[in-house]
Amino acid sequence: MFKDVKNNFIPEFTCQHISKGHGRVEKRQVSICQTLDGIRSWPGLKTLIQVKSERQVFTHNVIEVTTQTRYYISSLSENAQEIAERIRGYWGVENKVHYVRDVTQGEDASRIRTTPLTQIFALARNFTLNLYRSNMFENMAQARMALRKALSYAE
C-alpha cells in the first residue's frame, strides 16, 4: 500500500504552515489527493495525504535542517487545511501525553523492564493521569500539590 500511495500520489490541494519558536523554524506542507487511480482497494478509503516537513534548529550559530515526508490514508473527505489541523492536533496530544508521562512521572527514567511490571506501571500511570484530569486539575504539578496538602490534613 505504501508503494502505491508514494508512487501514485499527485497533489490536488495543498496548504502550508510555518511556525517559529524555541530556537527553531518548522515548515509543514500538507497535500491531499482524492484521485485513487493505481491505489489498491482499501475499505472506506477516500483521501491520500502527504505531509512534507522541514525543521531548522538554531544552535551555537549553526543551522541544522532536517526534512521528512510522511503519507497517510483516510476515510475523510476534508480539505487540506482541515486535515492539516487534525494531524497537528493528534501529534499535539501525543506529545503532551508523552511529556507528562516522562517529565511528571519519570517514565523514561524508570528501570522497570520485566513483564508484567511494565504493563502494570503503565496502567497505574494512566490511571493517575485520568484521575487528576477527572478532578479538573489543569496540570499534574497542581494535582500533586493538592494531594500533598490533602494528605497533610489527614495526619
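The values are calculated or read from the model by the stated rules, or taken from the named source; none is laboratory data. Since this is a predicted model, take the numbers as computed values, not measurements. All Cβ positions, even for glycine, are placed from backbone atoms using ideal geometry, and neighbour counts span all protein chains on display.
Laid out as a table, the results:
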{"item": "Top-ranked residue of segment 22-45 - restricted to ones that are closer than 25 Å to Val5 by Cα and assigned to a strand (DSSP E or B), ranked as modelled with the lowest pLDDT", "result": "Glu26"}
{"item": "Scope segment 66-80; condition assigned to a strand (DSSP E or B) and either out of contact with any helix residue (DSSP H, G or I) (no Cβ under 8 Å at 6 or more places or on another chain) or aromatic (Phe, Trp, Tyr) (or both); matching residues", "result": "Thr66, Thr67, Gln68, Thr69, Arg70, Tyr71, Tyr72"}
{"item": "Among the candidates Leu48, Leu123, Leu131, residue that is at pLDDT 85 or above, part of a helix (DSSP H, G or I) and hydrophobic (A, V, I, L, M, F, W, C)", "result": "Leu123"}
{"item": "Condition broken by Gly21, with the remaining ones in (1) in contact with a Cys (Cβ under 7 Å, 6 or more places away or on another chain); (2) closer than 29 Å to Met140 by Cβ; (3) among the small types (Gly, Ala, Ser) satisfied", "result": "(1)"}
{"item": "Filter result for the condition that a residue is within 17 Å of the chain's Cα centre (by Cα), acidic (Asp, Glu) and either over 30 Å from Phe127 (Cβ atoms) or at pLDDT below 90 (or both), over Glu12, Glu54, Glu78, Glu64", "result": "Glu54"}
{"item": "Residue in segment 81-92 that is in contact with a Phe, Trp or Tyr (Cβ under 7 Å, 6 or more places away or on another chain), without any contact (Cβ under 8 Å) to a residue 60 or more places away in the chain, in a helix (DSSP H, G or I) and surrounded by 10 or more Cβ atoms within 10 Å (Cβ to Cβ) present", "result": "no"}
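Yes/no per residue for (1) surrounded by 11 or more Cβ atoms within 10 Å (Cβ to Cβ); (2) closer than 21 Å to Gln16 by Cα; (3) aromatic (Phe, Trp, Tyr):
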position: Cys33; (1), (2), (3): yes, yes, no
position: Gly38; (1), (2), (3): yes, no, no
position: Val57; (1), (2), (3): yes, yes, no
position: Ala109; (1), (2), (3): no, no, no
